[in-house]
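Enquirer: I am attaching a structure below and will ask some questions about it afterwards.
The values are calculated or read from the model by the stated rules, or taken from the named source; none is laboratory data. The model shown is predicted, which means the values in this text are computed figures rather than measured ones. Cβ placement follows ideal geometry from the backbone for every residue including glycine, while neighbour counts extend to all protein chains displayed. Just so you know, the surface numbers come from the protein's heavy atoms only, side chains and all, with ligands and any DNA or RNA stripped out. Shrake-Rupley method; radii C 1.70, N 1.55, O 1.52, S 1.80 Å.
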Amino acid sequence: MIKTAGDESSSTKSAAHFASRHGLGVACGLAAGVWLGAAEAPTKLVNSGLSPYAISLCMVAGVFTARWTVPTLLKGSKYVFADLAAKKHLLITAILAGMIWAVANTLTVFAIRDVGLTIAFPLWNTNSLVGLLWGRLLFGELKGASRKNIAKVVLGALAIVAAAVMLGFSTIQGDSHGGAHAGRAVSGILAALGASLLWGTMYIPYRKAYISGMNPLSFVTAFTIGELGTMFALVLAFDGGTKAAVFHSPEAKHMLFWLFLGGFVWVVGDLFQQFATKYLGIGRGIPLSNTNQIWGVAWGALVFGELAHADTAHKLLVITGSVVMILGALAVSTAVATSREHSSTNDSLVRECTRYNLDYHSVFEAYAGTGNRGREQKRGWWDYVIVAVAVGVFIYLGANARVPSLDISLPWVCVLSGVLVVTAVVCGWGLWKTTRFS
């Protein structure tokens, strides 16, 4: 029989637990923005001749390596597989989410090729709107919200849309003056918006997993199977099949390290984003992680000099659009949930437990990040083998790597890389101290 929190005191206790995780969720969202902003920088290698499909496949291969290694390093494979076995009904949705991610990631590579990293980032970050819609319709987010919170969400969403239009217009204006992406602005904008739609939808299975009590580290382990399988299928179908350059070009192996590195950086950012989504919900977690716009602009403009030759009007539109989008995302994310909203979240947990015959108290503890203290499983010898193999792959690829023939600013690379390390250490320590990565 399923245990629920039907009485008033239990409901109040649930709301208190959820509210206590708000600060942690915000920190995870901000850390996700830093790492996700850096992850797309290696896709600048598309300028070297590799197709967007090849670039995405190589990144996903790095993602696959990282998604199996990081959870193993943090929790151990015994914990991960035990968690997956306890929620078998979520395996298909995890694989489906991975497939959606792979297609969306490929679209971002097309977008970067056609309109540049600085422009593409804010356009696909309109996934905030998609996430808000699904969160409200499917999971009752904002149900019982105060008028102030509703106003923040609505105005923030409108600001994001306005910023996307502004940035799209700035691309066309820039191209009409002979910009580097002349003639391809429309296709780039459509690719970025397509990625936005898919990424916003991808959070449905994520949210469903978390209200079932699954750990984000476990979910992404199954998730990555869908990613890698889909990318192989796309390359075989649209990029030359088994004769695709990525499988035979001697130049490809010199670029693998950078793309694997991009995939690894993405995984770290994505994990922080998933913890933010878990503790804040889709409607708040995605906008907060979409502060990656700040860091995407930083990498594109400071490291790669994407705005170096843009005219004043072009730069002003990009900067203004970016600021408006960030303010819109922050307005949405700072709408702190009320007790009535937390009660609605608790109702979602109860419904999920009823539907799949899960124990409410176990699911609640897992969702609140309080159910694993003192119950950590011992690591098997194979865990160390998994980590060693992953490290060996990066060492091998690094030994064969070649610095891309791109104009980059090394001082800015060092500065932004330092920011990555600091945010990972601070937020990772907070997650470990508070939830043991649960």
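Enquirer: Order these peptides, 25-32, 146-153, by their mean beta-carbon neighbour count within 10 angstrom, highest first. Please report the intermediate quantities before stating the final value.
Expert: Numbers: 25-32: 24.8, 146-153: 15.4.
With the highest mean Cβ count within 10 Å placed first, the list reads 25-32, 146-153.
Enquirer: Students often check this: by mean Cβ neighbours within 10 Å, which of 379-386, 263-270 ranks highest, and how do the rest follow? Don't skip to the end; give the middle numbers.
Expert: On the way: 379-386: 13.2, 263-270: 24.4.
Highest mean packing first, the order is 263-270, 379-386.
Enquirer: Related question: On average over all directions, what projected area in square nanometres does the chain have, based on the convex hull of its Cα atoms?
Expert: Values: hull surface 81.5 nm².
Answer in nm², one decimal: 20.4.
Enquirer: Sticking with this one: Can you tell me how the range 193-320 classifies by the Cα gyration tensor, rounded, prolate or oblate, using a/c under 1.5 as the rounded cut?
Expert: Details: a/c = 2.04, a/b = 1.05, b/c = 1.95.
It is oblate, given that a/c is not under 1.5 and a/b is not larger than b/c.
Enquirer: Pairs Lys143/Lys208; Lys78/Lys243; Lys75/Lys278; Lys148/Lys315: which are spaced more than 29 Å apart, C-alpha to C-alpha? Walk me through the numbers before you get to the answer.
Expert: Values: Lys143/Lys208 17 Å; Lys78/Lys243 39 Å; Lys75/Lys278 18 Å; Lys148/Lys315 34 Å.
Flagged as over cut-off: Lys78/Lys243; Lys148/Lys315.
Enquirer: Further, regarding this structure: How much accessible area per residue does the chain have, in Å², with a 1.4 Å probe?
Expert: About 41 Å² of surface per residue is accessible.
Enquirer: Does the range 333-417 classify as rounded, prolate or oblate by the C-alpha gyration tensor (a ≥ b ≥ c root eigenvalues; a/c under 1.5 gives rounded; else a/b over b/c gives prolate, otherwise oblate)?
Expert: Details: a/c = 3.56, a/b = 1.70, b/c = 2.09.
Since a/c reaches 1.5 but b/c is at least a/b, the shape of the range 333-417 is classed as oblate.
Enquirer: Tell me, what ³J(HN,Hα) does each residue in the range 310-324 have, in order and in whole Hz, if you take phi through Karplus 6.51 cos²θ - 1.76 cosθ + 1.60 with θ = phi - 60° and put x for Gly and Pro?
Expert: Karplus-based 3J(HN,Hα) across the range 310-324 equals 6, 6, 4, 4, 4, 4, 5, 5, 5, 5, 5, x, 5, 5, 4 Hz.
Enquirer: How many nm is it between the label spots at Lys88 and Val415, if each spot is 7 Å from the Cα in line with the beta carbon?
Expert: So the two model labels end up 5.5 nm from each other.
Enquirer: Springs between alpha-carbon pairs under 10 angstrom, Gaussian network model over the chain: which of Ala195, Ala313, Ala301 fluctuates most?
Expert: Of the options given, Ala313 has the highest mean-square fluctuation.
Enquirer: Then there's this: Excluding Tyr203 itself, calculate the net charge of residues whose Cβ lies under 12 Å from the Cβ of Tyr203, where each Lys or Arg counts +1 and each Asp or Glu counts -1. Don't skip to the answer; put the middle values down first.
Expert: Numbers: positive: Arg207, Lys208, Lys278, Arg284; negative: Glu141, Asp270.
Net charge in that neighbourhood comes out at +2.
Enquirer: Going by Cα centres, the range 416-438 and the range 305-333 are how many Å apart?
Expert: Here the two parts' Cα centres lie 28 Å apart.
Enquirer: At a 1.4 Å probe, what is the % contribution of carbon and sulfur to the accessible area of the chain? Spell out each step's value before the answer.
Expert: Values: 12550 of 18070 Å².
The nonpolar share, carbon plus sulfur, comes to 69 percent.
Enquirer: Something else: Quick one: net charge of Ile160's neighbours, Cβ under 14 Å, K/R +1, D/E -1?
Expert: Values: positive: Lys152, Arg284; negative: none.
It works out to a net charge of +2.
Enquirer: All other residues with a Cβ under 15 Å from the Cβ of Ala329 taken together, and with Lys, Arg as +1 and Asp, Glu as -1, what is their net charge?
Expert: Numbers: positive: Lys152, Arg284; negative: none.
Every neighbour counted, the sum reads +2.
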